[in-house]
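Enquirer: I am attaching a structure below and will ask some questions about it afterwards.
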Amino acid sequence: MMSALLQQPGYEEERLQTVSKKLPCREVQAGMLLSLMGQPHQYSYPSIFIYGHQSSGKSHVLNVLLKELELPHATVSFVECVSVALLFEQVLLSFFGCDAASLLPRRPSLSDFVRIYRQQSSQSPAKQTRYIVMEKAELLRDSDANLLPALLRLQELVEDNVTVILLSEIVWDRFRPNTGCFEPLLLHFPDYSKGELQHILAQDRNPSYSDEFYSAYINILLGVFYSVCRDLRELRHLAALNFSKFCEPLAEGKVKETDTHKLWRNIEPHLKKAMQTVYLREVSSLQWEQMQQMEEKESGAVRGLSAHTHVELPYYSKFLLIAAYLASFNPARTDKRFFVKHHGKIKKTNFLKKNEKTSNHLLGPKPFPLDRLLAIFYSVVDSRVAPTASIFSQISSLVTLQLLTQVSHGDQIDAPKYKCAVSMDFICAISRTVNFEIIKYLYDFL
């Protein structure tokens, strides 16, 4: 089935079969992309826009196709190319060599790049389509206004058989300039489903164990992490990191490969600890393993996932949820009292208003702006960890999980407002996992 999807005139059948084997669960997208590219000697469409979430296989599929089919290409990342000069130099270097790249002036303009490219392509015309792959293309929106429209119709400007392929995590509607431009072909890469992730991760099987044993391990891993993490690279890292712990009872001869329940009970506390490090890399994997071993020796057995009534969240998300709860149930005027270290003297008679006889918890959560949430968050995190995670994406995840509720209108993007939607018992359980005494920071419990 896979080779049929990748049948394309002009390419060797053996190479297409090799491509199929290297692209599990992405045969449909690879076949569609190959159809858009056409035969090597034919003119391809001037520009293709490929979009999808992170770790959905965009770069991997494209790199495998270009390398295995030996198609001339230049791959450029806008994270690395901090200026257009580096972009132009890398393209010329890949297609025409260092002599062509040296012809660029010190501060090249777009017209300089087009002129040099046309000169070089006239001297060595393309025998087959040249491809310029631009990763992290969303950063193009911060560059010169004429760069994106020019790249989309570069084939016309340089009069060469060249196709520009843009890879992005956002949709084309957020790229399109107000003045209009040449419309590229759009190709969407959907997220991997749970079954597809199971199939891909199971291929990394340790040769010392059976397929069924490793597949059962991946199934347990996805059962824990799939709700909070669907990044293939992160899941692959977690699978490699925790597999030795999963195999411990087997190596000691305590259980058999088929005794999945006992294996699950052994790995469960370890996966709970690993949940706190999803997407974070403050320490190396080896250091993290050593820390877990020391903690287990000091505190003994750790309660398993099934012993908790709350969902497990990444480390920063827990503090964000704590900050949201405090913002919802504490009056805004009390923030200085709770979260500013040197707030000076505040008289209790002024701090506690006489007319506030009703508990804030009985009145329910109140909406709060985003800037107040972040101010409390950085205050409660303090010096525990360096805030390096993508905070805004964590907030969006909490809204998706319905732990936070966005109460502002969709058009108020500058000042969104939220409400915390969790109970007192829930937030206390979350606070205990990060050793944070939330009762001390609640106005109702003074």
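Enquirer: Cβ neighbours within 10 Å, averaged per peptide: list 139-150, 112-123 in order, most packed at the top.
Expert: 112-123, 139-150
Enquirer: What do you reckon, how do 378, 325 stack up by accessible area (1.4 Å probe), largest on top?
Expert: Heavy-atom accessible area, descending, gives 378, 325.
Enquirer: Continuing with this model, one more query. With every protein chain present, what is the per residue accessible area of segment 224-265 (1.4 Å probe, Å²)?
Expert: With the other protein chains kept in place, segment 224-265 gives 56 Å² per residue.
Enquirer: With the cut-off at 22 Å, tell me which of the pairs 273/419; 21/67; 136/272; 22/194; 22/67; 58/245 have Cα atoms farther apart than that. Before the final figure, lay out the partial values.
Expert: Working: 273/419 28 Å; 21/67 14 Å; 136/272 33 Å; 22/194 19 Å; 22/67 12 Å; 58/245 32 Å.
The pairs that break the limit, which is 22 Å between Cα atoms, are 273/419; 136/272; 58/245.
Enquirer: Using a/c under 1.5 as the rounded threshold, could you call segment 13-188 rounded, prolate or oblate? The axes a ≥ b ≥ c are square roots of the C-alpha gyration tensor eigenvalues, and prolate needs a/b larger than b/c, oblate otherwise.
Expert: oblate
Enquirer: Among the chymotrypsin sites (Phe, Trp or Tyr not before Pro) within segment 1-107, which fall in a DSSP loop and have no more than 16 other Cβ atoms within 10 Å of their own Cβ?
Expert: Sites meeting the loop and neighbour criteria: 43.
Enquirer: Per 0.36 nm of contour for each residue apart, how much would the distance between residue 145 and residue 359 grow if the chain were fully extended, relative to their Cα-Cα spacing?
Expert: Values: separation 214, 0.36 × 214 = 77.04 nm, distance 5.47 nm.
Between residue 145 and residue 359, full extension yields 71.6 nm more.
Enquirer: Only loop residues by DSSP count here, and only those with at most 16 other Cβ atoms within 10 Å; note down the GluC sites (Glu not before Pro) in segment 1-95 that meet that.
Expert: 12, 70, 80
Enquirer: How much length would be gained if the chain were fully extended between residue 15 and residue 265, taking 0.36 nm per residue of separation minus their Cα-Cα distance, in nm to one decimal?
Expert: Between residue 15 and residue 265, full extension yields 85.5 nm more.
Enquirer: A further question follows. Would you kindly state how much longer the chain becomes between residue 204 and residue 255 on full extension, computed as 0.36 nm times their sequence separation minus their alpha carbon distance, in nm to one decimal?
Expert: Separation in residues times 0.36 nm, less the Cα-Cα distance, equals 16.1 nm.
Enquirer: Please work out the C-alpha center-to-center distance from segment 144-170 to segment 194-238 and express it in whole Å.
Expert: 38 Å
The values are calculated or read from the model by the stated rules, or taken from the named source; none is laboratory data. Note that the structure is predicted; figures quoted are calculated from it, not measured. Backbone-built Cβ (ideal geometry, glycine too); neighbour counts: all protein chains shown. Ligands, DNA and RNA are stripped out before the accessible areas are found, and what is left, the full protein with its side chains, is counted by its heavy atoms. Shrake-Rupley method; radii C 1.70, N 1.55, O 1.52, S 1.80 Å.
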